[in-house]
Amino acid sequence: MKNDLHICAPASAQINPLDSATLNDKKKHIMPITPRPDICFLKGEGHYLFDQNGKTYLDLVQGWAVNTLGHSPSVIQQALQAQSQQLLNPGPAFYNQPMLDLAQTLCQHSVFDQAFFANSGAEANEGAIKLARKWGQQHKQGAFKIITFNDGFHGRTLATMSATGKAAFAPLFEPKVSGFEKVPFNDLSATEQAIDNHTVAIMLELVQGEAGVIPANSAFIEGIAQLCEQHNLLLIIDEVQTGIARTGSLFAYQQYNLSPDIMTLGKGLGGGVPISALLVKQAVSCFDYGDQGGTFNGNPLMCAVANAVLNEVLAPHFISHVQEISLYFQQALSTLSETFDLGKVRGSGLLLALDCGSYSAPEIVGKARELGLLLNAPRENTLRFMPALTLKKTEVDKGVALLHNIFTSLAPIAAHR
Ligand code: PLP
């Protein structure tokens with residue numbers, strides 16, 4: 001295949017080689033929990049990654065919607081350096097300055113009053129589930145059941161896998177944590193029918209990311225909010241993937257007429273470092289001492305990074321840039337779709353998907369990687385794009401031109417399917 005594109009490494013990228021024998025020798029000690037290609041990334045800079053052979057990749061996945069500002073941005077380098085010289089971890093049973101600042105910023109820019117910090121999206125969701133159950137014990141005669149949605153994704157701890165609506169999870173690790181009832185997404189009457197005296201909460205993503213970027217429709221969300229009101233249920237919004245401007249507003253719930261009781265954040269909050277958050281309204285904040293905690297929660301090093309990320313995201317024009325570049329990207333994907341008779345372009349902000357008709361999305365991801373472009377295929381025929389929110393037109397043009405080359409080369413194969 002002809003690759004007209006030359007993805008240049010920024011001048012400052014210095015790569016220390018790692019030979020394939022060393023990689024092969026060392027990789028056998030890594031637990032094989034996912035099929036990994038023989039790539040070991042040695043450096044990242046902005047929208048680019050560099051592997052052990054010095055090959056450059058344009059990264060439109062960014063650690064699965066994590067690196068809000070791209071790879072190793074200077075503001076994160078500075079935050080890590082400054083905080084590491086000051087205080088690493090006094091322990092979770094003390095306040096620290098970055099923790100206090102982060103909680104205040106998140107609450108000031110949302111409908112929530114309090115935050116609990118954790119280390120992963122799953123851990124934040126686990127906290128949300130516990131909190132809802134505790135609230136049910138205190139305020140709803142022990143109600144514990146949480147309605148979640150088919151194809152929704154909430155994490156890989158046992159409880160969050162149990163809450164997840166991914167069909168492939170269903171037979172795994174039985175018996176699951178009970179108390180989750182799954183209904184079809186965007187189906188209000190199925191949701192209503194699932195409510196009974198044991199129901200305490202409804203938990204959902206506003207855009208189902210892992211399912212292939214499937215947005216909740218406004219009427220459904222309005223109906224969900226009414227059901228919560230009517231039946232005294234908590235509304236838990238999982239914004240682990242959609243939060244921190246990913247969908248073109250600081251939080252996705254702000255695009256709906258919605259005031260959730262509980263929200264979880266992860267991924268983009270740390271811009272590449274592990275931190276997540278459980279945010280709650282005062283009336284719902286019912287943990288007693290000892291109910292929730294964790295050695296690393298609210299540690300100043302990670303909180304300082306999250307503060308640096310938020311400082312950038314909340315700066316004037318940052319979010320409007322996400323909206324503008326999103327439209328440009330969507331337009332480019334639509335043109336690609338028309339040219340090759342693909343399918344829908346979905347999503348908002350920089351959480352976008354392209355249905356690729358009869359082409360195999362994993363095959364396209366593999367070919368793109370060979371050519372130095374990183375993409376994701378959440379479904380057999382869907383490509384997902386989760387670039388850094390600092391994306392520029394140059395990167396959109398490069399990525400889409402490369403995709404154009406790939407579809408051109410695959411067209412004859414597709415014609416025989
Ligand atoms: N919730 C949503 C919506 C997610 O997309 C993910 C991860 O993809 C999670 C929760 C789990 O987050 P983590 O992998 O940080 O545990």
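The values are calculated or read from the model by the stated rules, or taken from the named source; none is laboratory data. Source: prediction; values computed, not measured. Here the Cβ is made from the backbone with ideal geometry for all residues, glycine too, and neighbour counts use every protein chain on show. Heads up: the accessible areas ignore ligands, DNA and RNA and are worked out on the full protein's heavy atoms, side chains in. Shrake-Rupley method; radii C 1.70, N 1.55, O 1.52, S 1.80 Å.
Looking at the stretch 154-202, which trypsin sites (Lys or Arg not before Pro) are in a loop (DSSP not H, G, I, E or B) and have at most 11 other Cβ atoms within 10 Å? It would help to have the intermediate numbers written out before the result.
Working: sites: 156, 166, 176, 182; in loops: 156, 166, 176.
Passing sites in the stretch 154-202 do not exist.
Viscosity 1.306 mPa s, temperature 10 °C: Stokes-Einstein D of the stretch 204-335 from its Kirkwood Cα radius, in µm² per second?
Working: Rh = 16.5 Å.
Using the Kirkwood radius from Cα pairs, D works out to 96 µm²/s.
Exactly which chymotrypsin sites (Phe, Trp or Tyr not before Pro) in the stretch 76-128 are in a DSSP loop and have at most 13 other Cβ atoms within 10 Å? Working shown, then result.
Values: sites: 94, 95, 112, 116, 117; in loops: 94, 95, 112.
Those satisfying the criteria are 94, 95.
Taking the alpha-carbon set of the chain, what are its Rg and Dmax in Å?
Expressed in Å, the Cα Rg and Dmax of the chain come to 21.8, 66.
Determine, from the Cβ-Cβ distance of residue 95 and residue 291 and an R0 of 25 Å, the FRET efficiency 1/(1 + (r/R0)^6), rounded to the nearest 0.05. Walk me through the numbers on the way to the answer.
On the way: r = 19 Å, r/R0 = 0.75.
Efficiency at R0 = 25 Å is approximately 0.85.
Please give the FRET efficiency for residue 338 paired with residue 141, using the beta carbon to beta carbon distance and R0 = 41 Å, rounded to the nearest 0.05.
The value I calculate is 0.15.
How many nm is it between the label spots at residue 218 and residue 85, if each spot is 7 Å from the Cα in line with the beta carbon?
5.0
How many nm separate the modelled label positions at residue 53 and residue 254, each set 7 Å beyond the Cα in the direction of the Cβ?
4.4
Using alpha-carbon pairs under 8 Å, 6+ residues apart, how would you state the relative contact order of the chain in percent?
Working: 812 pairs, mean separation 89.4, N = 417.
Relative CO of the chain lands at 21 percent.
Counting only DSSP beta bridges with both residues in the stretch 209-314, tell me the antiparallel percent, nearest 5.
50
Take the alpha carbon atoms of the stretch 66-126, find their center, do the same for the stretch 273-304, and report the distance between the two centers in whole angstrom.
Using only Cα atoms to place each centre, the spacing works out to 10 Å.
With all pairs of different alpha carbon atoms counted, what Kirkwood hydrodynamic radius in Å does the stretch 75-313 show?
Numbers: mean 1/r = 0.0555 Å⁻¹.
With all distinct Cα pairs of the stretch 75-313 included, I get 18.0 Å.
When the accessible area of the chain is computed with all protein chains present and a 1.4 Å probe, what percentage of it is carbon and sulfur? Walk me through the numbers on the way to the answer.
Details: 9910 of 18800 Å².
Percent of accessible area from carbon and sulfur atoms in the chain: 53.
Please name which of 228, 271, 209 has its Cα lying farthest along the dipole of the stretch 207-287 towards the positive end, using unit charges on Cβ (Lys, Arg +1; Asp, Glu -1) and the Cα centre as origin.
Farthest towards the positive end: 271.
Please work out the FRET efficiency for the pair residue 229 and residue 358, using the Cβ-Cβ distance as r and a Förster radius of 56 Å; give the result to the nearest 0.05. The partial results should precede the final answer.
On the way: r = 45 Å, r/R0 = 0.80.
Step by step, r from the Cβ atoms, then E = 0.80.
Return the single residue from 67, 186, 232 with maximal mean-square fluctuation; model: Gaussian network over the chain, springs between Cα atoms under 10 Å.
Of 67, 186, 232, the Gaussian network model singles out 232 as fluctuating most.
With each run of n ≥ 4 DSSP H residues scored as -39500 (n - 2.57), what mean residue ellipticity at 222 nm is computed for the chain after dividing by its residue count and rounding to the nearest 500 deg cm²/dmol?
Working: 12 runs with 153 residues, N = 417.
Counting only the DSSP helices, I get -11500 deg cm²/dmol.
What is the distance in Å between the Cα centres of the stretch 34-58 and the stretch 159-215?
35
For the chain, what does the accessible surface come to per residue with a 1.4 Å probe? Please give it in Å².
Details: 18800 Å² over 417 residues.
With the other protein chains kept in place, the chain gives 45 Å² per residue.
Starting from the stretch 347-397, pick out the GluC sites (Glu not before Pro) whose DSSP state is loop and whose Cβ has at most 12 other Cβ atoms within 10 Å. Please list the in-between numbers first.
Working: sites: 363, 370, 380, 395; in loops: 380.
Answer by residue number: 380.
Please list log₁₀ I(q)/I(0) at q = 0.18 Å⁻¹ for the stretch 186-256, using the Debye equation with identical point scatterers on the alpha-carbon positions.
Ignoring solvent entirely, the Cα scatterers give -0.70.
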